[in-house]
Each structure stands twice: as C-alpha cells, then as structure tokens.
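Just so it is clear, none of the values below were taken in a lab; they were calculated from the coordinates. Note that the structure is a prediction, hence the values are computed from the model and not measured. Here Cβ is always computed from backbone atoms with ideal geometry, including for glycine, and neighbour counts include all displayed protein chains.
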Amino acid sequence: MSLRKILATFMFSTVMTCLVIGCQQVRAQSPADTSPPATQRDRRNDDINLDTQLYLLVATNSAVEDAKLPASLDAVIRQLRTSLPFKNYRLAATLINRVRNEGRLSLRWIGGSLMPAAAASSTNPSFNEFKVVQVKLATNAAGQPIVKMEGFSFGARIPIQTGTAIASNAPTAPIINYENTGVNTDISMREGEPVVVGTLNAGPSGDAIILVMSASRTLK
C-alpha cells in the first residue's frame with residue numbers, strides 16, 4: 001500500500017473517532033429530563049382534594065321567614081335580582097362534599113325543604129339526586145385555575161298539591177302528585193367563585209329552584 005493511501009486511511013479513522021467521541025460528549029452534556037415520571041404526577045393528582053358546595057335557593061314572590069343568605073352568595077344574588085322577577089330568595093339547602101381531583105360525586109337524599117309551602121308535609125317528602133361524573137382541576141386560556149364538572153346532574157321529585165279530596169264525615173285531604181324537575185350539563189367555574197348552574201320550575205306556586213355551585217381545592 002502506498003504511503004499516500006496509508007495516510008488517507010489514518011486521517012479518515014481519526015476523523016470518525018473524533019466525531020463519535022464528540023457525539024457521546026454532547027449526549028452526556030445534554031440537560032437531564034427533570035419532569036417527574038407519570039406515576040409521580042398521578043400520585044400528586046391523587047393527593048389533591050376539592051371542597052364542593054351546592055346551594056339550593058328558592059326564588060319566590062311570597063314573604064319568607066328567613067331571607068338571610070351566606071355572604072359568599074352576595075354577588076350571585078345581585079345577579080339574580082337583575083335577571084329574574086322574584087321578590088325574595090331563601091336558602092333551602094347547602095350540600096358540602098369533598099372529592100378527589102378527577103374523582104366523581106354522587107348523592108341521594110330525602111327532604112321537604114324544596115317543596116312549595118302548600119305541599120309541605122312530613123308525609124310528602126321530596127326525593128333528590130345530585131351527581132357529577134368527574135370533578136377536575138384545569139387552567140383556562142388566561143392561565144387562571146378553574147374547576148371542570150363533567151356530567152353535572154341534579155334531579156328532584158317534588159310533591160305538588162293539585163286539588164283537595166272531600167269525603168263525607170272526614171276532614172279534607174290534599175291531593176298530591178309528584179313532578180320531576182332537573183338539569184344535566186357540563187360546567188366550568190373559577191376556583192372558589194360561586195356560579196349559577198340552572199333554574200328549575202317548582203310547580204304551580206310559581207316558585208323556582210336555583211342551583212348555585214362552587215368548588216376549590218382543600219388547604220390540607
């Protein structure tokens with residue numbers, strides 16, 4: 001082999017060796033991926049819980065015995081007074097629950113607080129159901145923390161007096177029929193800010209049930 005070919009082969013081998021060593025050094029000096037593994041992120045999400053508050057308001061044109069409402073609902077009530085033609089609002093129930101981030105929520109209960117006064121009776125309760133398929137923390141386009149509630153559902157079977165039964169030699173008795181009312185939707189809200197979810201007709205009395213929801217992550 002000629003001297004020229006020997007020198008060319010040696011130079012080629014030297015260049016290739018330098019390139020390989022250089023690539024290895026670049027890979028070694030590249031910043032490590034500091035993002036936590038998926039299992040750590042999932043575990044961190046599992047540790048986050050949210051406190052949810054569902055307020056059931058009754059809007060009416062009749063006088064109410066107790067019109068005092070939580071201060072946290074002041075902005076909501078001002079909004080309702082400008083958009084709905086009702087004179088008074090009363091708090092019928094407050095449901096407070098804790099749910100894991102990306103978890104679900106489901107409640108069923110029996111009570112009489114949602115019924116119109118004409119049908120209020122311990123023997124004619126209302127049957128209520130509230131559930132959310134998934135409660136999830138997220139961020140909106142402005143970078144603000146929000147809470148998404150997918151598959152929000154509220155339903156109630158409310159006793160409505162439709163007449164009076166009259167029998168000889170017996171006191172009159174109200175005729176009660178149960179009416180279904182409810183709402184199904186997907187909602188999102190700013191964390192810790194109550195929002196109106198929906199308004200439901202409560203029967204011939206003209207009253208309305210107003211659903212107000214808020215949620216925020218727990219502090220511990």
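Data table
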item: Convex hull (Cα only) mean projected area of the range 44-217, reported in nm² to one decimal; result: 11.4
item: Cut-off 14 Å between beta-carbons: net charge of the residues surrounding Ile187, Lys and Arg +1, Asp and Glu -1; result: 0
item: Exposure proxy ranking, count of Cβ atoms within 10 Å, fewest first, for Lys131, Lys68, Lys148; result: Lys68, Lys131, Lys148
item: Cα→Cβ-extended label distance, 7 Å offset, between Val64 and Thr172, nm; result: 2.9
item: In range of the label at Gln79: residues from the range 193-214 whose backbone nitrogen is under 14 Å from the point 7 Å along Cα→Cβ; result: 193-199, 210-214
item: Label point distance in nm, Ala138-Asp51, each placed 7 Å from Cα along Cα→Cβ; result: 2.5
